[in-house]
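Student: So that we are looking at the same thing, I have put the structure below in structure tokens.
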Amino acid sequence: MRVLLLGSGGREHALAWKLAQSPALDALIALPGNPGIAEYARCVPSIPLTDHDAIVTLCGAERIDLVVVGPEAPLVDGIADRLVAEGIPVFGPGRVAAQLEGSKLFTKELCRQHDIPTAAFGRFADAEAARAFVRRQGAPIVLKADGLMAGKGVVVAMTLDEALAAVDEVFAMGEIGTEILIEEFLEGEEVSFFCLVDGETVLPFGSAQDHKRAFDGDEGPNTGGMGAYSPAPVFTPELERRALSEIIKPTARALADAASPYRGVLFAGLMITAEGPKLIEYNVRFGDPECQVLMTRLDGDLLELLHATAAGRLDGHAVRMRPEAAITVVMATRGYPGDYGKGSQIRGIAEAETVEGVHVFHAGTKLDGEKLLANGGRVLNVTAQAPNVEEARSRAYAAVDRIDWPEGFCRRDIAWRALAR
């Protein structure tokens with residue numbers, strides 16, 4: 001099978017690494033790829049992900065049998081619809097179903113219509129009405145801009161002043177800030193839950209917990225994610241059963257009934273409350289860095305599962321996860337998520353990977369001749385597997401300490417919730 005993988009981050013490196021293990025894979029092409037992905041794929045950096053015509057042409061020239069879409073933006077932009085119209089199977093939902101991530105208001109209205117448990121909410125197109133609502137509800141309270149925000153655009157305001165300031169910030173965002181979603185603050189522990197969905201069949205694909213704050217102790221600004229581990233101990237079999245029956249399956253059924261069947265991975269951000277799991281948000285792709293720990297734990301042929309999902313033939317397949325724990329530690333450029341420099345040299349990855357159970361995924365790197373350089377905010381994902389989370393964490397940080405990159409930093413407390421249990 002000839003596969004085209006869209007994307008260039010750590011998530012896509014992890015997908016390439018796992019896809020390359022499939023005996024059914026004949027060729028893997030990545031667009032645009034990165035230096036880590038290039039170990040397993042031929043990278044095509046010259047075509048932007050926004051150029052759907054060029055992607056279709058590339059698929060024809062390369063006789064592509066399956067397109068795997070890594071990031072969310074091309075899905076929200078309708079790349080899956082375009083490819084399917086050309087007869088090219090795609091792992092990833094069409095434009096309408098991708099609104100689960102593309103529009104927070106779309107998701108909340110779907111939850112309201114189908115009694116899917118989520119935080120109570122209000123939606124406002126007028127700043128003064130939003131401010132009045134915030135004053136009535138008080139704090140803590142959650143405010144979200146509609147649209148794709150690359151992991152940002154969400155404010156958990158612990159005081160009334162923070163909430164009112166957030167309203168002003170959202171409405172200053174131009175087109176993205178035309179509406180604001182204001183939600184009740186949910187108490188509990190967050191879990192990332194992943195499922196493969198082919199329109200009708202839903203297969204659980206494991207759980208994880210990530211760490212959004214930049215610094216130890218969950219301090220500092222929100223980021224795209226500074227680390228993750230899998231499985232999430234808080235997510236018991238009973239909670240998984242409830243999440244499937246009360247949240248995931250009703251969502252898949254609603255989209256299928258609306259003639260917009262979901263085909264891809266559905267990533268549910270859940271809050272485990274005293275009443276049970278409630279939906280915080282949906283994402284329409286594997287999480288980053290959660291994908292890295294899921295791929296490390298997956299026991300089986302990823303390509304077979306993704307192709308079956310794209311073809312609508314998941315029924316009869318099974319997702320098998322190894323019982324071991326996996327953890328990934330994000331190494332980022334100093335200054336991230338604020339201003340940061342690019343071009344600092346990274347050494348020692350090969351030595352880091354001599355630690356048992358460790359693989360280093362590239363999230364934001366580039367080559368300058370033989371030199372590996374940092375080329376982003378989140379740059380490396382140091383990922384380790386072990387019989388338990390404590391040993392996995394020990395391996396991951398042992399590998400981190402072998403990487404020579406003075407301009408980088410990481411959190412030193414990834415998986416603290418799991419260890420606290």
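Results for (1) modelled with pLDDT of 85 or more; (2) crowded, with 16+ Cβ neighbours inside 10 Å, shown as yes or no for each residue.
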{"site": "Ala130", "(1), (2)": "yes, yes"}
{"site": "Arg136", "(1), (2)": "yes, no"}
{"site": "Pro140", "(1), (2)": "yes, yes"}
{"site": "Met149", "(1), (2)": "no, no"}
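Student: Tally the residues that are under 25 Å from Ile247 (Cα atoms) and in contact with a strand residue (DSSP E or B) (Cβ under 7 Å, 6 or more places away or on another chain), restricting the search to the stretch 75-111.
Tutor: Count: 13.
Student: Being under 17 Å from the mean Cα position of the chain (by Cα), buried (at least 24 other Cβ atoms within 10 Å of the Cβ) and either over 24 Å from Thr383 (Cβ atoms) or not hydroxyl-bearing (Ser, Thr, Tyr) (or both), is that true of even one residue in the stretch 48-68? Give the derivation first.
Tutor: Our first condition is that a residue be under 17 Å from the mean Cα position of the chain (by Cα); within the stretch 48-68, this holds for 68.
Checking which are buried (at least 24 other Cβ atoms within 10 Å of the Cβ) leaves us with 68.
Okay, now just the ones that are also either over 24 Å from Thr383 (Cβ atoms) or not hydroxyl-bearing (Ser, Thr, Tyr) (or both), so 68.
Within the stretch 48-68 (the criterion being under 17 Å from the mean Cα position of the chain (by Cα), buried (at least 24 other Cβ atoms within 10 Å of the Cβ) and either over 24 Å from Thr383 (Cβ atoms) or not hydroxyl-bearing (Ser, Thr, Tyr) (or both)), the answer is yes, since at least one residue qualifies.
Student: Looking for something under 17 Å from the mean Cα position of the chain (by Cα), outside any helix (DSSP H, G or I), in the same structural domain as Gly206 (by TED's automatic domain parsing) and within 20 Å of Val90 (Cβ to Cβ) - is there at least one such residue anywhere in the stretch 251-258?
Tutor: So the first thing to find is which residues in the stretch 251-258 are under 17 Å from the mean Cα position of the chain (by Cα), and the list is none.
Checked against the condition, which is being under 17 Å from the mean Cα position of the chain (by Cα), outside any helix (DSSP H, G or I), in the same structural domain as Gly206 (by TED's automatic domain parsing) and within 20 Å of Val90 (Cβ to Cβ), the stretch 251-258 yields no hits at all.
Student: If you go through the stretch 284-304 one residue at a time, do you hit one that is surrounded by fewer than 20 Cβ atoms within 10 Å (Cβ to Cβ), at pLDDT 95 or above and more than 22 Å from Glu12 (Cβ to Cβ)?
Tutor: No, the stretch 284-304 contains no residue that is surrounded by fewer than 20 Cβ atoms within 10 Å (Cβ to Cβ), at pLDDT 95 or above and more than 22 Å from Glu12 (Cβ to Cβ).
Student: Which of (1) touching a residue at least 24 places away in the same chain (Cβ under 8 Å); (2) more than 21 Å from Val84 (Cβ to Cβ); (3) in contact with a helix residue (DSSP H, G or I) (Cβ under 9 Å, 6 or more places away or on another chain) does Cys43 not meet, given it meets every other one?
Tutor: Just one mismatch for Cys43, condition (1).
Student: While we're here: Out of all the residues in the stretch 318-336, which are within 18 Å of Gly227 (Cα to Cα) and either touching a helix residue (DSSP H, G or I) at 6+ places or on another chain (Cβ under 9 Å) or crowded, with 20+ Cβ neighbours inside 10 Å (or both)?
Tutor: First pass over the stretch 318-336, keeping only residues within 18 Å of Gly227 (Cα to Cα): 324-336.
Of everything in the stretch 318-336, those that are within 18 Å of Gly227 (Cα to Cα) and either touching a helix residue (DSSP H, G or I) at 6+ places or on another chain (Cβ under 9 Å) or crowded, with 20+ Cβ neighbours inside 10 Å (or both) turn out to be Glu324, Ala325, Ala326, Ile327, Thr328, Val329, Val330, Met331, Ala332, Thr333, Tyr336.
The values are calculated or read from the model by the stated rules, or taken from the named source; none is laboratory data. Because the structure is a prediction, the values reported are computed rather than measured. Methodologically, a virtual Cβ is constructed for each residue, glycine included, from the backbone with ideal geometry; neighbour enumeration extends over all protein chains shown.
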